[in-house]
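J.: Have a look at this one before I ask anything.
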Amino acid sequence: MTNHEAFLAAQAVTPGGVNSPVRAFKQVGGEPFFVARAQGPYLWDVEGKRYIDYIGSWGPMIAGHAHPAVIEAVQRAAVNGLSFGCPNPLETALAAEIIKLVPAVDLVRFVSSGTEACLSAIRLARGYTGRNRILKFAGCYHGHADSFLVKAGSGVLTLGLPNSPGVPSALADLTMTAEFNDLDQVRDIFAAVGSDIAAVIVEPIAGNMNMIAPAPGFLEGLRALCDAHGSLLIFDEVMTGFRVALGGAQALYGITPDLTTFGKVIGAGMPVGAYGGKRAVMEQIAPLGPVYQAGTLSGNPVAMAAGLANLALIQTPGFFQELSARTRELCDGLEGAARDAGIPLTTISIGGMFGFFFSDTQVTSFAAAQRCDIERFKRFFHACLGRGVYFAPSAYEAGFTSIAHDSAVIAETLRVARDAFAAVA
Ligand SMILES: *Cc1c(COP(=O)(O)O)cnc(C)c1O
């Protein structure tokens, strides 16, 4: 089977041939490749071609694909049954691990995706505060629940959809949006409707409009405004949790959110999400409290076992130092190679997450990300892909490294990038 045949077959049975839109290569053009297997830093497509992978299933694969410890944990759990619909001790073990690593979390509830975690967190915030409005930031992505599909990032942004049809305006009207890193705007919104804002939800490091770090004082300002107005601060760490640092972005910046959402790394590639936070807030969730949230497959034993194995791996001494150093090596190398080709490029990396922009100035806002040279990005993407290096097929996605991306893999990537930059100069 060729990639093209696989794509034709998929399109016959699935909208656009994909089960998540960014996979369709709409922003970069061309057709997606279909994956047969993955190992360490590599993917192999159905034609047997190998790629160095900088997506890592969009974040979970921080220890590399098919890590033996994760696979063994999954196999060991699977023979005992795939799902029980009853409590099991693996759920408690993974919850305890998250609580140990993230001090802001007193209690945690598992769900099956980041989307579910975020939609549950805002329902809880609304139930806890008795308020209806939420505030989010343009270009931030919190999954595809109705309330979040207002100026969202990631695939929505890639496809150029401002808002999704199918979201009732009565609901969308309750979602206020501000610009990421623009605290004055947030202050104005709070001055106008602060007493009706249940929660501010933010990616503490934005990773769904390429990658943008919080400006100094931005997260601190959100914390202060939420405190002043009795609103909850929700950090969406589905992407950054256990990836930018062991304790997530909140550990890096020293901010304590009221609620945190997780996903990606905590499932090691299995479908897992979670939300957690202050005891008084989390106790409002059923069965303790009146805010309803449930899930037939939540706390799935195989997924919990995978997550436990992943969290054990990232606690190996020196893990994040090594991961950060390799990721910076990649970004420095990309900048140098671009410079040699006369192409303006800036990069950012924190832990095992990075971004690169075809821009001559550092990008600190969504508007600036949209002003980058998207046409050159597309050509660079394909020049790399053809040479066996797979970056995200959109200029609005962050990149991800794993501990399996060692210096040799980075060096091979940079050789490819050098040729690719020359091809698009
Ligand atoms: C990926 C992501 C989500 C959604 O998670 P899914 O598992 O795709 O539903 C939510 N928030 C952020 C920040 C993400 O990166």
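The values are calculated or read from the model by the stated rules, or taken from the named source; none is laboratory data. These figures come from a predicted structure and were not determined experimentally. Note that we place each Cβ from the backbone using ideal geometry, even for glycine, and neighbour counts take in every protein chain shown.
J.: Name the residues in the range 24-81 that are of a type in the set (A, V, I, L, M, F, W, C), touching a Gly at 6+ places or on another chain (Cβ under 9 Å) and closer than 20 Å to R379 by Cα, would you?
T.: A24, I52, I55
J.: Still on this structure, I have one more. Quick check: anything in the range 105-116 in contact with an Asp or Glu (Cβ under 8 Å, 6 or more places away or on another chain), buried (at least 19 other Cβ atoms within 10 Å of the Cβ) and closer than 19 Å to A280 by Cα?
T.: Scanning the range 105-116, I find at least one residue that is in contact with an Asp or Glu (Cβ under 8 Å, 6 or more places away or on another chain), buried (at least 19 other Cβ atoms within 10 Å of the Cβ) and closer than 19 Å to A280 by Cα, so the answer is yes.
J.: In the range 18-38, how many are away from the ligand (no atom under 16 Å from the Cβ) and closer than 26 Å to Y396 by Cβ?
T.: Total meeting the criteria: 12.
J.: Still on this structure, please answer the following. Check V22, V28 and return the single one that is in the same structural domain as Y390 (by TED's automatic domain parsing), under 30 Å from H67 (Cβ atoms) and in a loop (DSSP other than H, G, I, E, B).
T.: V28
J.: Also, I was wondering about something else. Looking for whichever is surrounded by fewer than 14 Cβ atoms within 10 Å (Cβ to Cβ), more than 16 Å from the ligand (Cβ to nearest atom), closer than 20 Å to V409 by Cα and modelled with pLDDT of 95 or more here; the options are P15, P68, P41. Which one fits?
T.: After applying the criteria, what remains is P68.
J.: Could you count how many residues in the range 200-227 are within 16 Å of the ligand (Cβ to nearest atom) and either without any contact (Cβ under 8 Å) to a residue 24 or more places away in the chain or under 20 Å from the mean Cα position of the chain (by Cα) (or both)?
T.: 16
J.: Let me ask you something else. Condition check: within 9 Å of the ligand (Cβ to nearest atom) and modelled with pLDDT under 95. Does G153 satisfy that?
T.: Taking the combined requirement at face value, the residue satisfies it.
J.: Filter the range 234-259 down to the residues that are hydroxyl-bearing (S, T, Y) and away from the ligand (no atom under 11 Å from the Cβ), then identify the one that is surrounded by the fewest Cβ atoms within 10 Å (Cβ to Cβ).
T.: T256
J.: Given the residues F84, F110, which is the only one that is in a loop (DSSP other than H, G, I, E, B) and among the aromatic types (F, W, Y)? Can you show your working first?
T.: Values: F110 fails: in a loop (DSSP other than H, G, I, E, B).
Only one candidate qualifies: F84.
J.: For the range 114-150: of the residues being of a type in the set (S, T, Y) and in contact (Cβ under 8 Å) with a residue 40 or more places away in the chain, which is nearest to the ligand (Cβ to nearest atom)?
T.: Checked the range 114-150; the qualifying residue nearest to the ligand (Cβ to nearest atom) is T115.
J.: Between a first residue in the range 323-337 that is over 15 Å from G355 (Cβ atoms) and a second residue that is among the basic types (K, R), which pairs have beta carbons less than 6 Å apart while being 6 or more apart in sequence or on different chains?
T.: A337/R418
J.: Within the range 380-390, does at least one residue satisfy the condition of being in contact (Cβ under 8 Å) with a residue 40 or more places away in the chain and either at positive phi or touching a Leu at 6+ places or on another chain (Cβ under 8 Å) (or both)?
T.: yes
J.: Specify which of the listed residues (G230, G273) is outside the structural domain of I403 (by TED's automatic domain parsing), within 15 Å of the chain's Cα centre (by Cα) and not aromatic (F, W, Y).
T.: G273
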